[in-house]
Amino acid sequence: MLKGKTTLITGASRGIGKGIAEAFAKNGSNIAFTYASSVEKAKAFEAELTAKYGIKAIGYQSNAADFNAAQALADQVTADFGTIDVLINNAGITRDTLLMRMSEDQWDEVMDTNLKSAFNLTKACLKVFLKNKAGSIINMTSIVGITGNAGQANYAASKAGLIGFTKSVAKELGSRNVRCNAIAPGFIETEMTAELKEEVRTAWIDTIPLKRGGTTEDVANLCLFLASDMSTYITGQTINICGGMVM
Ligand code: NAP
């Protein structure tokens with residue numbers, strides 16, 4: 001589905017980002033991915049993608065929350081791969097606590113990593129997309145950005161912000177054939193959700209009509225669709241992938 005394309009994915013050393021990178025490589029895309037601190041995991045993954053799928057894969061240690069680092073990353077990726085066709089703003093963190101206890105640092109860290117990062121990377125890749133007169137941007141939001149969640153005021157605000165950002169970018173860049181969509185996962189089985197207590201996990205799964213957590217592959221399949229020519233008339237949308245938890 002993506003033969004010969006180049007995809008830049010933030011935060012793909014593990015979890016959902018890693019699942020997306022694997023699915024995209026399997027479908028012929030070259031992969032530029034970033035990570036914050038998992039150097040060993042990233043090196044191993046880079047080698048695995050190249051060996052298994054015969055595509056070009058490079059991992060970059062780059063803080064998505066840093067404006068200048070994002071620009072430097074986009075320039076480096078363009079130099080290494082020749083172009084960027086798909087950008088997936090996936091990197092994200094949680095710093096959960098009730099508002100009463102939430103520190104300014106916990107708020108800022110989440111907003112910078114989850115929301116400012118999408119501004120940083122989208123702006124940094126803009127030149128390439130405009131030159132190509134094509135591009136697909138996918139922002140990883142969350143159903144919590146739609147519903148809100150106690151203990152996640154910072155996270156929910158950052159994810160709701162991503163939805164507004166997605167719609168605005170879609171309106172600004174539609175005439176240039178650059179599409180921008182958001183994906184809102186519900187409960188996906190990753191290290192992020194593995195941190196939850198068993199009773200919290202069970203309570204979440206009880207609320208899901210399909211009675212299971214999602215897999216990284218479930219999310220990757222939706223990304224594949226939004227990145228590919230199967231979705232050329234879809235932009236500005238937020239698509240929930242949550243087993244029916246939010247309708
Ligand atoms: P995860 O397993 O915790 O992985 C997070 C990834 O982001 C890692 O590769 C991490 O790199 C990277 N990262 C963290 N901070 C970064 C930064 N400042 N710059 C660059 N990379 C950074 O998370 P996940 O569960 O896969 O979640 C991925 C995305 O989906 C997030 O945006 C999350 O909010 C969203 N989401 C997840 C769920 C879920 O149920 N899991 C549900 C809804 C939405 P290191 O390995 O180096 O730390």
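Miscellaneous remarks
- Hypothetical label at Lys133: residues of the stretch 175-193 whose amide nitrogen lies under 16 Å (7 Å Cα-Cβ projection): 175-179
- Kirkwood radius and radius of gyration were both taken over the C-alpha atoms of the chain, and their ratio Rg/Rh is 0.95.
- Filter on Lys52/Lys211; Lys41/Lys211; Lys127/Lys167 - keep pairs with C-alpha separation over 24 Å: Lys52/Lys211; Lys41/Lys211
- Rounded to whole Hz, the Karplus (6.51, -1.76, 1.60) HN-Hα couplings of the stretch 179-194, x for glycine and proline: 9, 9, 10, 10, 10, 10, x, x, 9, 10, 6, 9, 4, 4, 8, 5
- Using C-alpha pairs under 8 Å with a sequence gap of at least 6, the mean separation divided by the residue count of the chain gives a relative contact order of 20 percent.
- Order by protection proxy (mean Cβ within 10 Å, highest first), peptides 120-130, 100-110: 120-130, 100-110
- The separation of the stretch 8-77 from the stretch 105-125, counted between C-alpha centres, amounts to 18 Å.
- Near Val200, once Lys and Arg are set to +1 and Asp and Glu to -1 for all other residues with Cβ below 14 Å from its Cβ, the sum equals -4.
- Across the accessible surface of the stretch 1-124, with the other protein chains kept in place and a 1.4 Å probe, carbon and sulfur atoms take up 51 percent.
- Å² of accessible area per residue within the chain, as computed with a 1.4 Å probe and no ligands counted: 47 Å²
- In the chain, helices alone account for a calculated mean residue ellipticity at 222 nm of -14500 deg cm²/dmol, with every DSSP H run of four or more residues adding -39,500 (n - 2.57).
- Proximity of backbone amide H atoms, modeled 1.01 Å from N, is registered between Gln237 and Ala182 at under 5 Å, excluding neighbours fewer than 5 places apart on the same chain.
- Candidates Thr34, Thr202, Thr216: whichever shows maximal mean-square fluctuation once the chain is modelled as a Gaussian network with Cα springs under 10 Å: Thr202
- Remark: the Ile234-Lys52 segment gains 62.4 nm on full extension, using 0.36 nm per residue and subtracting the alpha carbon distance.
The values are calculated or read from the model by the stated rules, or taken from the named source; none is laboratory data. Quick caveat, the model's predicted, so the values are computed rather than measured. A quick note on method: Cβ atoms are made from the backbone with ideal geometry, for glycine too, and the neighbour counts reach across all protein chains shown. Quick note on the areas: whole protein, heavy atoms, side chains included, nothing else; ligands and nucleic acids left out. Shrake-Rupley method; radii C 1.70, N 1.55, O 1.52, S 1.80 Å.
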